[in-house]
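The values are calculated or read from the model by the stated rules, or taken from the named source; none is laboratory data. What you see is a predicted model; the values in this text were computed from it and never measured. Cβ coordinates were reconstructed from backbone atoms using ideal geometry, including for glycine residues, and neighbour counts include every protein chain displayed. Each accessible area value is taken on the protein alone, full model and side chains, heavy atoms only, with ligands, DNA and RNA left out. Shrake-Rupley method; radii C 1.70, N 1.55, O 1.52, S 1.80 Å.
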Amino acid sequence: MAATSRGFASHLDFKLRRLAFHPRPHPSTSNGGLEELRKRRRFSLRGDRRGVSRISCCCSDSVVPIRSGKNAEKAEEWRFDSKKRPPRAGVQASAALPFFASSSSSSSSAAQSHFLSRQEKNYPRCTPRNSGPQSRDTPPKRDTGIANEKDWGISLLTENVNESGTNEDGSTWYRESGEDIGDNGYRCRWTRMGGTSHDASSQWKETWWEKSDWTGYKELGVEKSGRNAQGDSWWETWQEVLHQDEWSNLARIERSAQKQAKSGTENAGWYEKWWEKYDAKGWTEKGAHKYGRLNEQSWWEKWGEHYDGRGSVLKWTDKWAETELGTKWGDKWEEKFFTGIGSRQGETWHVSPSGERWSRTWGEEHFGNGKVHKYGKSTTGESWDIVVDEETYYEAEPHYGWADVVGDSSQLLSIKPRERPPGVYPNLEFGSTPPPADEPPEEFSPQ
């Protein structure tokens, strides 16, 4: 998790991995993807026989290009994690490399990172009155998704506080809390804290809050930011919301997280936005947008999942990367299913600095009767169009749904709104939380 109740991660977590991309095997001769899918939730149709079994969590990872001098133009040298790919993805992973480690062995020792903040001891979040909060000048970690509320250890003070002090090492701290009141029963209880090192080279801030009103709206949130002596900076926010859906009138829980970090010594940084939405009838939506940069290389990733609660499933992933020399490469896929009938399609592509483009497209049509139509082609003349006997596998339900998020949101659900006077009724304005933006902020640049 990005943070726990005992402290934060000790460094800015950039990790790159070298993965080899292999051309997609001919659909008529390869069953490599089926073994991975069998480990997921299984939906099997052959004739009238059906079977369903449980799966474990499946999440996507970032696309991170790794280039070395001689092979900089090869489409094979890129990274896509196979966790969220469809069958026969043809992607293999190897061991992770440190963020600033070179992809060539000759330069690995020279590319040591100065991007690590100083290691801090872990302290409990709750400290005795009149003693300052301990320094948490450490950034979030990449690809950790949305933390559960218990991992943040949010503990709002029950009284208004405004205090500050100086520690033995010369660093300063402050802590304050309060309550804001508004119309329609609105109340926001909050606690802010922060600190600065003795030489002002590092700073950190953190805010906790809970909000409620008479419509039943409840919100729990955290925002933190900081910088260290090396010039690294970061920002992170987390929110959990309960409200009534404007159209269905059903209770809905939404969770979101945004994370950003920049290096103070390298042209490097990353940004992530995650969101999850659930309602009481099984409707579920999940997604993430990610961006990163390491010197001359940049990468992007978007993915989404949508379950309508009645058996319809849509999933998609789009990942791409580029270098300052003009080389670009990417991969995307989409699948749609309903009661065993559906389709998958995708494309892998590469563009050279001169503008020459290579691509391979593929597709599958699943008829729900044990027959699958597979087709595809590439710019190098490959093509196939066949019908095979094959079972259909896909995730018919989210691995983490309404019951799970309710069970993990006890602190959110226990927020008590202001007492409503007799004869006073709430002004119902649904949709208090706007949906996440489709794009990460354009102004973000790790430079």
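Here are a few things to note about the model shown:
- Cβ-derived FRET efficiency at R0 41 Å, residue 357 paired with residue 386, nearest 0.05: 0.95
- Calculated FRET value between residue 365 and residue 166, using beta carbons and R₀ = 45 Å, to 0.05: 0.05
- Heavy-atom surface analysis with a 1.4 Å probe gives region 156-298 a carbon and sulfur content of 42 percent of its accessible area.
- The charge dipole of region 196-320, taken about the Cα centre with unit charges on the Cβ atoms of Lys, Arg (+1) and Asp, Glu (-1), comes to about 220 debye, rounded to the nearest 20.
- Residue-span extension gain [residue 295 to residue 403] - 0.36 nm each, minus C-alpha spacing: 34.5 nm
- Region 355-423, accessible surface, carbon-and-sulfur percent (1.4 angstrom probe): 49 percent
- Net charge over other residues, Cβ less than 12 angstrom from the Cβ of residue 417 (K, R count +1; D, E count -1): +3
- Measuring r between the beta carbons of residue 308 and residue 418 and using R0 = 41 Å, the FRET efficiency lands at 0.70.
- Computed from label points 7 Å out along Cα-Cβ, the spacing between residue 338 and residue 158 is 5.3 nm.
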